[in-house]
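Visitor: One structure, as structure tokens, below. Some questions next.
The values are calculated or read from the model by the stated rules, or taken from the named source; none is laboratory data. Remember, it's a predicted structure, so these values are computed and weren't measured experimentally. As a convention, Cβ positions derive from the backbone with ideal geometry for all residues, glycine included, and neighbour counts pool all protein chains shown.
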Amino acid sequence: MGGPVFLTGGSGFVGGALLRRLVADGREVRALARSDASAAELEAGGATVVRGDLFDHGALLTGMRGCATVFHVAGVNAMCARDPAPIMRTNVDGAASVVRAAAAAKIVRLIYTSSATTIGEPAGAIGREDTAHRGSFMSSYERSKFLGERRAFALGEELGLAVVAVNPSSVQGPGRTGGSATLLLDIVNGRLPVLVNTWLSVVDIEDCSAAHVLAEREGVPGRRYLVSGASLEVRTAVALLRQASGHPRRAWFAPRAFAAGGGVLASAFSRVAGRENGRICRETVRTLLHGHRFDASLAERELGLAYTPIETTIRRTLEWYAHRGLAPAPIG
């Protein structure tokens, strides 16, 4: 597909990578911006800025008219929120607002950035697109993305709009320093000697942006596509990081039962929630101990996505950190 596209969330980590890919592909990108800072960043990235927010129907229509595709990437990714209402409003009601505007603007296709967390696989299971949801939620964020995805699909069907969901696992790579990336930085800087072994699923930022573009061209309307390049235990991840960076020299893995009490997680994963005060809460404990493993091969078969090896993602990320003085340079 070609022609202009409309993008929300273009100043974020995932949306910014998608913006760069679209511009590199020669696409005209119109991007929604709430603030002056976001507008300046988007304009510098090659986008035509449309000022407004997810609930500004007039701004959405203005930006979408004449476009073939909408990429709805904007959302709130947060844990331990004292008030979950803003997360629900943005991730659920905001998604509905964008779908309604897209239908009104006669958009051909909407690519919705969901999350692998919507799969809701039971503990110990390998999640796939057709996995039956466990029926409970580990965090307000997980609930919001699950409900937002359902709302987007339902409204798309009702209004005659083709909606395709991209469901990334933890997106990592150059450019990310917050959220779960703080765990990686702590490990390579030798600040995290105590860990808990659990399952992690990650996808390279470049693979994530590629999946969105491929979903526009090849995705089946009404379908969601898990995007996850690797599922590995923390022990394996630490070994790969040690091999690439030389750190940590030693790491102690505490029993999961001890971690469930919060003693280890309070120190070992103090900044995973992405908060300056290093808060930990039941949401992060439940999510981390549950872990995630995914079979994301449908995106390979139907979209033609090729995943970057996890070793390459680690090396590229460490080199980016080193260039900015955030971590030692990779060895070798």
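Visitor: Could you grab me the full set of residues in segment 173-211 that are of a type in the set (S, T, N, Q), outside any helix (DSSP H, G or I) and under 21 Å from Ser231 (Cα atoms)? Reasoning before the result, please.
Guide: To start, the set of residues in segment 173-211 that are of a type in the set (S, T, N, Q) comprises 177, 180, 182, 189, 197-198, 201, 209.
Now drop any that are not outside any helix (DSSP H, G or I), which leaves 177, 180, 189, 197-198, 201.
Within segment 173-211, Thr177, Ser180, Asn197, Thr198, Ser201 meet the criteria.
Visitor: Going residue by residue through segment 209-218, is there one that turns out to be at pLDDT below 95 and among the small types (Gly, Ala, Ser)?
Guide: Step one: list which residues in segment 209-218 are at pLDDT below 95, which gives none.
No, that holds for no residue.
Visitor: Just to be sure I understand the filter: pairs with C-beta atoms under 8 Å, separated by 6 or more residues or on different chains, first member in segment 143-167 and free of Cβ contacts under 8 Å to residues at least 60 places away in the same chain and of a type in the set (D, E, K, R), second member crowded, with 20+ Cβ neighbours inside 10 Å and in a helix (DSSP H, G or I). Which pairs pass?
Guide: Listed pairs, sorted by first residue: Arg151/Val92; Arg151/Ala95; Arg151/Val99.
Visitor: Of all the residues that make up segment 143-154, how many are surrounded by 15 or more Cβ atoms within 10 Å (Cβ to Cβ) and either under 13 Å from His292 (Cα atoms) or aliphatic (A, V, I, L, M) (or both)?
Guide: Residues that pass the stated criteria total 2.
Visitor: Okay, moving on. Look through segment 212-228, keep the residues that are outside any helix (DSSP H, G or I) and buried (at least 22 other Cβ atoms within 10 Å of the Cβ), and return whichever of them is farthest from the chain's Cα centre (by Cα). First the steps, then the outcome.
Guide: Going through segment 212-228, the residues outside any helix (DSSP H, G or I) turn out to be 219-228.
Going one step further and asking which of them are buried (at least 22 other Cβ atoms within 10 Å of the Cβ), we end up with 219, 224-228.
On the way: Gly219: 18, Arg224: 14, Tyr225: 13, Leu226: 11, Val227: 10, Ser228: 10 Å.
For segment 212-228, the residue satisfying everything is Gly219.
Visitor: Does segment 281-292 contain any residue that is buried (at least 18 other Cβ atoms within 10 Å of the Cβ), modelled with pLDDT under 95 and under 14 Å from Leu192 (Cβ atoms)?
Guide: yes
Visitor: Name the residue, out of Arg82, Arg65, Arg109, that is farther than 22 Å from Leu298 by Cα, in contact (Cβ under 8 Å) with a residue 40 or more places away in the chain and over 18 Å from the mean Cα position of the chain (by Cα).
Guide: Details: Arg82 fails: in contact (Cβ under 8 Å) with a residue 40 or more places away in the chain; Arg109 fails: farther than 22 Å from Leu298 by Cα.
It is Arg65.
Visitor: If Thr313 passes every condition in (1) in a loop (DSSP other than H, G, I, E, B); (2) in contact with a strand residue (DSSP E or B) (Cβ under 8 Å, 6 or more places away or on another chain); (3) closer than 17 Å to Leu240 by Cα but one, which one does it miss?
Guide: Thr313 satisfies all of (1) in a loop (DSSP other than H, G, I, E, B); (2) in contact with a strand residue (DSSP E or B) (Cβ under 8 Å, 6 or more places away or on another chain); (3) closer than 17 Å to Leu240 by Cα except (1).
Visitor: Specify the residue that is farthest from Leu200 (Cα to Cα); the eligible residues are those in segment 142-172 that are assigned to a loop (DSSP other than H, G, I, E, B) and touching a strand residue (DSSP E or B) at 6+ places or on another chain (Cβ under 9 Å).
Guide: Here is the first cut: in segment 142-172, the residues assigned to a loop (DSSP other than H, G, I, E, B) are 160-161, 169.
From what is left, the residues that are touching a strand residue (DSSP E or B) at 6+ places or on another chain (Cβ under 9 Å) are 161, 169.
Details: Leu161: 34, Ser169: 9 Å.
Of everything passing the filter in segment 142-172, Leu161 is farthest from Leu200 (Cα to Cα).
Visitor: Return the residues of segment 170-211 that are surrounded by fewer than 18 Cβ atoms within 10 Å (Cβ to Cβ) and among the basic types (Lys, Arg); say none if nothing qualifies.
Guide: Arg191
Visitor: If I filter segment 1-26 down to residues being over 19 Å from the mean Cα position of the chain (by Cα) and in a loop (DSSP other than H, G, I, E, B), which single residue comes out as surrounded by the fewest Cβ atoms within 10 Å (Cβ to Cβ)?
Guide: Result: Gly26.
Visitor: Return a yes/no flag: does segment 305-317 have any residue that is in contact with a helix residue (DSSP H, G or I) (Cβ under 6 Å, 6 or more places away or on another chain), of a type outside the set (Ser, Thr, Tyr) and at pLDDT below 95.
Guide: Pass one, segment 305-317, residues in contact with a helix residue (DSSP H, G or I) (Cβ under 6 Å, 6 or more places away or on another chain): 305, 307-308, 314-315.
Narrowing the set further to residues that are of a type outside the set (Ser, Thr, Tyr) leaves 305, 314-315.
Checking which are at pLDDT below 95 leaves us with 314-315.
Checked segment 305-317: at least one residue is in contact with a helix residue (DSSP H, G or I) (Cβ under 6 Å, 6 or more places away or on another chain), of a type outside the set (Ser, Thr, Tyr) and at pLDDT below 95.
Visitor: Also, I was wondering about something else. Suppose we filter Val70, Val99 for residues that are crowded, with 22+ Cβ neighbours inside 10 Å and either more than 18 Å from the chain's Cα centre (by Cα) or without any contact (Cβ under 8 Å) to a residue 12 or more places away in the chain (or both); which single one remains? If you could, list the steps in order and put the result at the bottom.
Guide: Details: Val70 fails: either more than 18 Å from the chain's Cα centre (by Cα) or without any contact (Cβ under 8 Å) to a residue 12 or more places away in the chain (or both).
Checking each option against the conditions leaves just Val99.
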